[in-house]
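Following: one structure in structure tokens, then a few remarks.
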Ligand code: ADP
Ligand code: 5GP
């Protein structure tokens, strides 16, 4: 039987990679789909680790041969999820985690019933700007123009929040890691249909704070939306 497909998206700088790395370390039986991209490797990135780095021509050949579950153009480069990761995870009885943008997430949500969408958001525009700036400083290249472009892009990405099942506002890192783990375990428990222990019930209640329908999430979400643009309505 196919496992659960977890989709995680976030505006750049929200802390998604930090959270995904932690999640992969603590949750067993969760495979990570390594995307294909036409962008050049950054810093210490290596082919086959963070991404498969390929040419535009190779990418277009893969599109023509229907090898992608989804693909999109992000910041001028192609990114795509190969279908084979899905098949391989299912063969091993594992769940699969996709770290993809809002366009890819919408494609997967509409075609895969067993998918769970999680949108990670920064607590506010001001905090996002600070995280983008700190990361740029630690990487040794600060460009106000790049930061401004990412903040403008973030606003557009956040407008896609209704497409996600869970909204995780990444404020305190330790809390966010715990919540993300709860979401994964909660979805596994729900799909197993087994009787729940008191500890499992508590875990589900924790995860449900991040469900789109939860009151706590909607008030936090409203604050995030208001900080980006008072015009986006929650
Ligand atoms: P993304 O993958 O969403 O672009 P990163 O994981 O690279 O974001 O995080 C952006 C920056 O914010 C990094 O410098 C990271 O260490 C920092 N960061 C991530 N989560 C938090 C948090 N909860 N509190 C403070 N800083 C954080
Ligand atoms: P970066 O270049 O910073 O690693 O990623 C830029 C954006 O592309 C991020 O939002 C990331 O989630 C997204 N991305 C990475 N892989 C894929 C993919 O396979 N498909 C889609 N649609 N987006 C991806």
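Listed values, structure above:
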read-out	value
Coordinate range along principal axes, alpha carbons of the stretch 170-234, Å, largest first	44, 23, 16
Gap separating the Cα centres of the stretch 63-96 and the stretch 153-196, nearest whole Å	21
All-pairs Cα distance distribution in the stretch 1-157, expressed in whole percent, bin size 5 Å	2, 9, 16, 21, 21, 17, 10, 5, 1, 0
Sorted by Cβ neighbour density within 10 Å, fewest at the top, the residues 7, 118, 63	63, 118, 7
Residue order, fewest to most beta carbons within 10 Å, for 66, 175, 165, 99	66, 175, 165, 99
Taking 91, 216, 18 and counting other C-beta atoms within 10 Å, the order from fewest to most	91, 216, 18
Range of Cα positions in the stretch 112-234 per principal axis (Å), largest first	53, 33, 28
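Each reported figure results from applying straightforward, stated rules to the coordinates on display, with no laboratory input. Here the structure is a predicted model, which means the values were calculated and not measured. All Cβ positions, even for glycine, are placed from backbone atoms using ideal geometry, and neighbour counts span all protein chains on display.
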